[in-house]
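Each reported figure results from applying straightforward, stated rules to the coordinates on display, with no laboratory input. Keep in mind it's a predicted model, so treat the numbers as computed, not measured. Here Cβ is always computed from backbone atoms with ideal geometry, including for glycine, and neighbour counts include all displayed protein chains.
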Amino acid sequence: MWDERYAGDEYVFGTEPNTFLAEHAGKLAGPVLSLAEGEGRNAVFLASLGLDVHGVDASPVGLAKAQALAHAKGVAIRTELADLAEFVPEENHYGAVVSIWAHLPSAIRARLYPLVVRSLVPGGILLLESYSEAQLARDTGGPKDLDLLMTTAKIRAELPNLEPLLLQELVRDVVEGRRHTGLAAVVQFIGRKPGD
Ligand SMILES: C[S@@+](CC[C@H](N)C(=O)[O-])C[C@H]1O[C@@H](n2cnc3c(N)ncnc32)[C@H](O)[C@@H]1O
């Protein structure tokens, strides 16, 4: 499905980074793991800040465009083709993990999220923005499946071992390419792994 959406020259979510990520990028240390990186806009932005970035996605078409964007912007990113249902990130390795619009079924999250926490170094940060369940009533983007949408309660339940530095649901104006434009209901989370 995503290969079809990414076919063509247009960057579906644009080439500028997600605004929540851009606003808080100063909190992130490398290496950074970017889950469901897609066409590379967030990885390329983080690399332009001097961070070492590893982007993972299941779409080869998206990742090819990610590498093309990195080349065009004169930065290097590492991309890996992988299904997050099976992906095992390196343990105690990342200074930050980024998850932007990575809408995954709860069964995949239940396996992946503990591995994500394990992959962070002590003091490492998970930064996540997702459409919330309230987005189901809107037509401004995001999946039409409640199981893929988040709430602050789901974040607390599924990531109990991260200390929340920011956790909120809000409606904000999202302008991130053709597929994500307009007022949208989102969940934003910045969580810190204790121990440092
Ligand atoms: C809404 S797009 C977001 C892309 C990117 N994070 C951004 O903000 O531009 C969702 C991405 O999730 C990826 N994805 C969905 N399910 C996946 C899975 N099981 N494993 C890996 N990637 C997946 C898709 O290929 C797609 O690139």
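Taking each DSSP H run with n ≥ 4 as -39500 (n - 2.57) and averaging over every residue of the chain yields -8000 deg cm²/dmol at 222 nm. Reported to the nearest whole Å, the Cα centre-to-centre distance from segment 46-110 to segment 176-196 is 16.
Normalised by the number of residues in the chain, the mean separation of alpha-carbon contacts (under 8 Å, six or more apart) gives a relative contact order of 20 percent. Temperature 25 °C, viscosity 0.890 mPa s: under these conditions the Stokes-Einstein estimate for segment 100-192, based on its Kirkwood radius over C-alpha pairs, is 181 µm² per second.
Other residues whose C-beta falls under 13 angstrom from the C-beta of ASP147 contribute a net charge of 0, scoring Lys and Arg +1 and Asp and Glu -1. Using a Gaussian network model of the chain with C-alpha springs under 10 Å, which one of ALA43, ALA107, ALA85 is most mobile by mean-square fluctuation? With Cα springs under 10 Å in the chain, the top fluctuation among ALA43, ALA107, ALA85 is at ALA107. Within segment 1-156, the ratio Rg/Rh, alpha carbon atoms throughout and Rh by Kirkwood, equals 0.94. In loop segments of segment 16-94 as defined by DSSP, there are no trypsin sites (Lys or Arg not before Pro) with at most 11 further C-beta atoms inside 10 Å of their C-beta.
Between ALA72 and ASP173, the simple label model (points 7 Å from Cα in the Cβ direction) yields a spacing of 2.5 nm. Relative to the current alpha-carbon distance between GLU90 and ARG111, full extension at 0.36 nm per residue lengthens the span by 6.1 nm. Note that segment 139-196 carries a Kirkwood radius of 12.9 Å, evaluated over its alpha carbons pair by pair. Between the beta carbons of ARG118 and ASP147, assuming R0 = 30 Å, the FRET efficiency works out to 0.80 to the nearest 0.05.
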